[in-house]
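The values are calculated or read from the model by the stated rules, or taken from the named source; none is laboratory data. Everything numeric in this text was worked out from a predicted model, so none of it was measured. The protein model used for the area step is the full one, side chains on, heavy atoms only, and it has no ligands, DNA or RNA in it. Shrake-Rupley method; radii C 1.70, N 1.55, O 1.52, S 1.80 Å.
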Amino acid sequence: MLKGKTALVTGSTSGIGLATARALAADGANIMLNGFGDKDAIEKERAGLEKEFGIKASYSAADMSKPGEIAEMVAATEKQFGALDVLVNNAGIQFVANIEDFPVERWDAIIAINLSSSFHTIRAAMPGMKARKWGRIVNIASAHGLVASAQKVAYVAAKHGIVGLTKVVAIEAANAGVTCNAICPGWVLTPLVQKQIDDRAKASGKSVREEEIALLSEKQPMHQFTKPENIGALTVFLASDAAASITGSAYSIDGGWVAQ
Ligand code: NAD
């Protein structure tokens, strides 16, 4: 379906981003990877995508907290592949503390990476999408884009911001062939969440498995994790022709979290 199109997935060296890049590649898209990690492991992943799916893949080390590097990454994608057709804003970090203990530097980093980076990628990618009269923007928000939890002031503010940004972009691009949607996952077992489980186990003295079950059951009626591949599949659907009139939506994929 996406053969001949190019997708840029921010934060695609791990977790949801990597699974989404793989799903888009499996559907035929060329891929620009981005994110931090071991150089050799990233190169293995990049070459593996080309070999497994017969597409072209490249990698940008741009730091999503740096607007200049983001602009360069979008320009490099358009230069290397001739276009940027599918933009997935996925890079994200987490930090957990009560507001009075929340380090200012962590607030700034989370707002920059989880929110402002999407403003910077979209403003750079939109002119090309509008000129080609085709584009798909998928912002990986969170259940925390729709409801809150204690100790996540920066994350919840950023994710609510992403849901709002999604709506504005959708309205502005509604008649330009460009859609913009948000995906709001519940718990997905990735390194970002594993760290929260490990920290809880360390603090409580309980086992990792006990804390895993506790974490799920505090928020989700369904006591199982969403798989990163499930987010990839939803992204591929939102990039498809079948989804051409879906725009400005916030899609929950959360085991019933926000239904309560
Ligand atoms: P992860 O830690 O596995 O992956 C995060 C990715 O972002 C990595 O590739 C990392 O290198 C990259 N990254 C971090 N800082 C960056 C920076 N400054 N510049 C460039 N890349 C950077 O996390 P994940 O769980 O896969 O999360 C991906 C997205 O999904 C995040 O936006 C997160 O908020 C969201 N999300 C995750 C869950 C979950 O349960 N895991 C739930 C809802 C939403």
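Size of the chain from its Cα atoms: along the principal axes, largest to smallest, the extents are 53, 40, 35 Å.
The residues of the chain expose, per residue, 45 Å² of accessible area to a 1.4 Å probe. Against the empirical curve 2.2 N^0.38 Å, the C-alpha radius of gyration of region 48-149 lands at a ratio of 1.26. Hey, what angle do you get for helix 153-172 against the long axis of the chain, alpha-carbon based, 0 to 90 degrees rounded to 10? Its long axis makes an angle of about 30 degrees. With all protein chains in place and a 1.4 Å probe, the accessible surface of the chain carries 56 percent carbon and sulfur. Against the criterion of solvent-accessible heavy-atom surface with a 1.4 angstrom probe, Trp107, Trp257, Trp134 sort, most first, into Trp107, Trp134, Trp257.
GNM, the chain, Cα, under 10 Å: largest mean-square fluctuation among Ala21, Ala176, Ala250? In this elastic network of the chain, the residue with the biggest mean-square fluctuation among Ala21, Ala176, Ala250 is Ala176. Remark on Ser58: its backbone amide H falls under 5 Å from those of Ile31, Met32, Leu33, a criterion applied only to residues 5 or more positions apart or on other chains, H modelled at 1.01 Å from N. Within the full protein context, the accessible area of Tyr251 is estimated at about 70 Å² for a probe radius of 1.4 Å.
Among the listed pairs Lys66/Lys152; Lys39/Lys79; Lys51/Lys227; Lys66/Lys227; Lys44/Lys152, those whose Cα-Cα separation exceeds 27 Å are Lys66/Lys227; Lys44/Lys152.
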